[in-house]
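Structure incoming, see below.
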Amino acid sequence: MSTVYLVVPCYNEEAVLPQTVSCLVDKLNRLIAAGKAEKSSRILLVDDGSTDRTWELIAGYHAENPLVSGLKLAHNQGHQNALLAGLMAARERADCAVSMDADLQDDVEALDQFLDQFAGGCDIVYGVRNKRETDSLFKRSTAQGFYKFMHLLGVDIVYNHADYRLMSRRALDALSQYKEVNLFLRGIVPTIGFQTGCVYYDRRERAAGESKYPLRKMISFAVEGITSFSVRPLQIISNFGILISIASVLGLLYALISYLAGFAVQGWTAIVCSIWLLGGIQLFCIGIVGAYIGKIYNEVKARPRYIVEALLERREQDGLAAGSK
Ligand code: UDP
Ligand code: MG
């Protein structure tokens, strides 16, 4: 039997948290009763600098139930960093950790299969969605386009897998060695290696509250994923540049011939169009290069990825409440 930590990042989730906690507590109790998880297993709720009552709720649940632990980050650091904070806390306490969202979109009943595969020797188990019917058509098609594009760029990510995954302690130890500030866990985890498995589940609609991933955040998350794992866009734009240069040489030849043949002057439209087109292309390419330079800038600064403000936990040996600040 193993100590399992369910790591749940929460950002302004007061609307859904009561439901989530009761569902997870119920599930964990059943896993413990079935002998699949040790009594020292915990639900670790990571408050990612929420501005609503999320942390008060977490503290309340912790006081009521020893199975609930809480980790409060000093500031909103984003989903990926909050997840990392939780996983790194779990790493020192658990045999394996399962990360999942706070909105109950990930089917908790799939946990049995995660633990079965872990017991069978897998160090990493990916939760993969069967279908995406609960997502809007827009989210579904953009997400699928993103996976395809990532594969095209040669990045190894698991199709239709979000952040519902199990990692063993040694996989978490390996993850702790990745020092990058620009975190894209879905891309990093497959590079760790070890024996891996997949669990298929149906993803539901958010139980309550609103999505914390508006279009703006979705786009920056996708750009983050691409620029963190592939320099191919840089190669593509240089190839593109070569192509344009060849085309411009041909254009030059044409201009020269028409001048010599005596039918020049005309062609103002062509000149103006090409100036605008090339200007646009150049700015776009500089933008891509800039995105990479920006990342180097962030990596070089190597600021902490998260700062823990408080930890609420009751360990087996503590018996009574032992909140540490
Ligand atoms: N989240 C977070 N920090 C943020 C944004 C989101 O910890 O800055 C958490 C959020 O509370 C949820 C998970 O990340 O548990 C996924 O967010 P959400 O369900 O809103 O995204 P969606 O499923 O709509 O893509
Ligand atoms: Mg969600």
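Which is the longest part of the chain that has none of the GluC sites (Glu not before Pro) sitting in a DSSP loop with at most 14 other Cβ atoms within 10 Å?
It runs 211-325.
Let me ask something else about it. For the stretch 66-171, what relative contact order do you get, as a whole percent, if you take Cα pairs closer than 8 Å and at least 6 residues apart?
That works out to 39 percent.
Kirkwood Rh over alpha-carbon pairs of the chain, then Stokes-Einstein at 4 °C and 1.567 mPa s: what D in µm² s⁻¹, rounded to an integer?
After rounding, the answer is 58 µm²/s.
Next question, about the same structure. What is the dipole size for the chain, taken about its Cα centre, with +1 at each Lys and Arg Cβ and -1 at each Asp and Glu Cβ, in debye to the nearest 20?
So the dipole magnitude of the chain works out to roughly 760 debye.
Scan the stretch 130-168 for trypsin sites (Lys or Arg not before Pro) in coil per DSSP, keeping those whose Cβ has at most 11 other Cβ atoms within 10 Å, and list them by number.
In loop regions of the stretch 130-168 (DSSP not H, G, I, E or B), the sparsely surrounded trypsin sites (Lys or Arg not before Pro) are 131.
In Å, what is the Rg of the alpha-carbon atoms in the stretch 208-258, and how long is Dmax?
When restricted to Cα atoms, the stretch 208-258 yields Rg and Dmax of 20.3, 69 Å.
Which residue, 124, 188, 293, has the most motion in a Gaussian network model of the chain that connects Cα atoms within less than 10 Å?
293
Restricting to DSSP loop positions (anything but H, G, I, E, B) with no more than 15 other Cβ atoms inside 10 Å of their own Cβ, which chymotrypsin sites (Phe, Trp or Tyr not before Pro) remain in the stretch 167-223?
178, 194
Who wins for biggest fluctuation among 276, 268, 55 in a Gaussian network model of the chain, springs between alpha carbons below 10 Å?
Maximum among the listed residues: 268.
Sort all Cα-Cα distances of the stretch 113-220 into consecutive 5 angstrom bins from zero, then give the percent of pairs in each bin up to the one containing the longest distance.
Here the calculated profile for the stretch 113-220 is 2, 10, 18, 22, 20, 15, 10, 2, 0.
Can you list, bin by bin at 5 Å, the percent of alpha carbon pairs in the stretch 31-106, starting at 0?
3, 15, 23, 26, 22, 8, 3, 1
Then there's this: Which one, 58, 150, 44, projects farthest toward the positive side of the charge dipole computed for the chain from Cβ point charges (K/R +1, D/E -1)?
About the Cα centre, the residue reaching furthest to the positive side is 150.
How large is the charge dipole for the stretch 208-314, taken about the Cα centre, if only the Cβ atoms of Lys, Arg (+1) and Asp, Glu (-1) carry charge, to the nearest 20 debye?
Charge dipole of the stretch 208-314: 240 debye, to the nearest 20.
Values quoted throughout were computed directly from the atomic coordinates according to the rules given, and no laboratory measurement underlies them. The shown structure was predicted, so the numbers you read here are calculated from the model rather than taken from an experiment. Cβ: placed from backbone, ideal geometry, glycine included. Neighbour counts: every protein chain shown.
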